[in-house]
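This report concerns only the one structure given below.
The values are calculated or read from the model by the stated rules, or taken from the named source; none is laboratory data. Please read all numbers here as calculations on a predicted model, not as lab measurements. Cβ: placed from backbone, ideal geometry, glycine included. Neighbour counts: every protein chain shown. We work out accessible area using only protein heavy atoms, side chains counted, and drop any ligands, DNA or RNA first. Shrake-Rupley method; radii C 1.70, N 1.55, O 1.52, S 1.80 Å.
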Amino acid sequence: GESVGLHLPTLSVQEGDNSIINCAYSNSASDYFIWYKQESGKGPQFIIDIRSNMDKRQGQRVTVLLNKTVKHLSLQIAATQPGDSAVYFCAERTNSGGYQKVTFGIGTKLQVIP
Amino acid sequence: DAGVTQSPTHLIKTRGQQVTLRCSPKSGHDTVSWYQQALGQGPQFIFQYYEEEERQRGNFPDRFSGHQFPNYSSELNVNALLLGDSALYLCASSFRPDYQETQYFGPGTRLLVL
């Protein structure tokens, strides 16, 4: 299974530094990938997405890199701020019988040190 | 423009009881997916509704059932509650299950089974 129970991988970063959160996905047929941010007590919030025909996409302070060869995704956050502290999930989407199915990966907890 | 809304926000039930959770999708969305998120884990897909029918289902027992109404809102029903059903239940909406657009999540309903 994909769960690590209560012991989420944790990344501690100094405020102002860049953060890199990594994710391995499982299905080579996945055509679309999404990063979500989840703050305590809230639902996941969309950050950025990337299609499988791309290897890089940039947003505001965030960049997603996709390496299909090794089935790896990364999320880079520039100039990390205290408000970036949250759990980050990658998700892969596959087409199943004409319907999209989204599967979440193991989350990473980002702690920003002021 | 309201986003995805869910009710209630919190709920406490005892083992063996039944529960109904409600979700209203984001304006313009017609597809609703439900997820279960146990503490410290990523969301797990339960099922998806489109055109008032269940279109896809994850690995959840028949105790989990749902409904979608003509106005696209949806309910999740769980019968014969178990302690292990304690989790955050998330609703996500999107436009068409086969459309190339990400889904947006509601804040969730926190269910505690005693």
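Annotations for the structure displayed:
- Average beta-carbon neighbours from other chains, 10 Å sphere, peptide B:38-47: 6
- For chain B, leaving out every one of the trypsin sites (Lys or Arg not before Pro) that falls in a DSSP loop and has at most 14 other Cβ atoms within 10 Å, the longest unbroken run is B:64-114.
- Gained length - B:Phe69 relative to B:Arg57, 0.36 nm times residue gap less alpha-carbon distance: 2.5 nm
- Taking all protein chains into account, the per residue accessible area for chain A stands at 51 Å² (1.4 Å probe).
- Theoretical gain in end-to-end length, A:Arg51 to A:Asn95 [0.36 nm per residue, Cα-Cα removed]: 14.5 nm
- Above-threshold pairs, the threshold being 27 Å between Cα atoms, out of A:Lys37/B:Lys13; A:Lys56/A:Lys109; A:Lys71/A:Lys109; A:Lys109/B:Lys13: A:Lys37/B:Lys13; A:Lys109/B:Lys13
- Cα-only radius of gyration and Dmax that characterise segment B:5-113, units Å: 13.0, 40
- Simple spin-label estimate for B:Ala80 and A:Ser12 in nanometres, 7 Å along Cα-Cβ: 4.7
- Here the ratio of the Cα radius of gyration of segment A:10-113 to 2.2 N^0.38 Å is 1.06.
- Under the Debye formula (equal points on every Cα, no solvent term), log10 I(q)/I(0) of the protein assembly as shown at q = 0.11 Å⁻¹: -0.55
- Modelled this way, with points 7 Å down the Cα-to-C-beta line, the labels at A:Thr69 and B:Phe95 are 3.7 nm from one another.
- The loop-placed GluC sites (Glu not before Pro) in segment B:6-114, going by DSSP, that have at most 14 neighbouring Cβ atoms within 10 Å of their Cβ come out as B:Glu51, B:Glu52, B:Glu101.
- Simple label model, 7 Å out from Cα along Cβ direction - B:Thr20 to A:Asn22, nm: 4.8
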